[in-house]
1. Quick check on THR104: is it of a type in the set (S, T, N, Q) and either buried (at least 19 other Cβ atoms within 10 Å of the Cβ) or in contact with a helix residue (DSSP H, G or I) (Cβ under 7 Å, 6 or more places away or on another chain) (or both)?
2. Identify all residues within region 72-92 that are in contact with a Gly (Cβ under 9 Å, 6 or more places away or on another chain), free of Cβ contacts under 8 Å to residues at least 60 places away in the same chain and surrounded by 17 or more Cβ atoms within 10 Å (Cβ to Cβ); write none if there are none.
3. Inside region 138-149, can you point out the residues that are out of contact with any Ser or Thr (no Cβ under 9 Å at 6 or more places or on another chain), closer than 14 Å to GLU64 by Cα and outside any loop (DSSP other than H, G, I, E, B)?
4. What number of residues within region 52-92 satisfy the criterion of being within 15 Å of the chain's Cα centre (by Cα), within 20 Å of ARG134 (Cβ to Cβ) and of a type in the set (Ser, Thr, Tyr)?
5. Quick check, is ILE66 in a strand (DSSP E or B) and farther than 20 Å from THR31 by Cβ?
Amino acid sequence: MGYTAPVQAVQIHNGFFLIFEPGEEFISTLTRFCEEHEKHWAQFQAIGTVVDVEIGYYDLQSREYIFREEEGPFEVASMDGNIAELNGVPTVHAHAVLSRCDDTLETIGGHMRKAVVAATLELCWWEVTQPLIRRYDDDTGLYLITTAV
């Protein structure tokens, strides 16, 4: 699975509305879209369904991400993220709250590293017109966004 075909996209007033197809890996497909359209700065929200998820959190003490794999399927109850440059390359940063597609409706949430679209993923993208650049922060060990160019 991965980037199999161009994501469906329609340009809106200040960005795009994107529709991801079943089987597309979300992060790599969105990254490819950014590269192909030379878009480096944006904010987005999405809803839909996903499977084969890697989701986690950043442990400030150990200064590393802790991820776990979840098979799913999940409803994407909420997904928010941004696109910013890291070393001149557009980088997707997404967080999500996912609800299990079963009687429990149990939710998990955190930093999304991977997710494969199950039925659809519908994303609204607002373009940011000023540079969003990620730079290494010694205090946290993270590449944080700065608006200073």
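None of the figures in this text is laboratory data; all of them are computed from the coordinates on show. Nothing here was measured: the structure is a model prediction, and the numbers come from that model. Cβ atoms come from the backbone with ideal geometry, glycine included; neighbour counts cover every protein chain shown.
1. No, not satisfied.
2. Residues satisfying the conditions are GLU75, VAL76, MET79.
3. LEU142
4. Residues meeting the conditions: 2.
5. The answer is yes for ILE66.
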